[in-house]
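What follows is a short report on a single structure.
The values are calculated or read from the model by the stated rules, or taken from the named source; none is laboratory data. From a predicted model like this one, the values you see are computed outputs, not experimental measurements. Cβ atoms come from the backbone with ideal geometry, glycine included; neighbour counts cover every protein chain shown.
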Amino acid sequence: MDEVVEQVATLCPTEKAGLDPERLHGLYARFGTQEGENLVCRAMEELAYRLGMADRLYEQADLAGMRKCTRALGAIAEQIGMSGLCRISADVVQCIDDGDAVALAATLARMARMGERSLYAVWDLQDLTV
């Protein structure tokens, strides 16, 4: 009898935050250092809230609410130069629209990872620019 060898591969997906530092510099130039910093901080708080809310809405199977939350998340991400997060949020919306539950679960997890990385990256970038 042939011996069956079972192996489990653990994937550790990594992806760069996908930031556009010029967008942040533009905000600071347009609104001034203090107001630009306030704007970015409020946007980051809102993004963190919406990332958590998208997850809660997913758990509640509220796809309409999740779609609305994720679209708003993408718009905020775009405003402060989080191009990667913006792109992935559009992918989440597409999965909802397509009714693809498997892709939605995977893409939502990707959005959470990217959101966390992006928030840290903007925070670090702010420390360098201010």
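Below is a table of values for the structure above.
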| read-out | value |
| --- | --- |
| Test result for M44, in contact with a helix residue (DSSP H, G or I) (Cβ under 8 Å, 6 or more places away or on another chain) and more than 16 Å from T107 (Cβ to Cβ) | yes |
| Members of the range 102-121 found to be hydrophobic (A, V, I, L, M, F, W, C) and within 17 Å of C69 (Cβ to Cβ), listed by number | L104, A105, L108, A109, M111, A112, M114, L119 |
| Elements of type helices (runs of 4 or more DSSP H) in the range 1-115, at least 1 residues being out of contact with any Leu (no Cβ under 9 Å at 6 or more places or on another chain) and at pLDDT below 95 | 21-31, 33-59 |
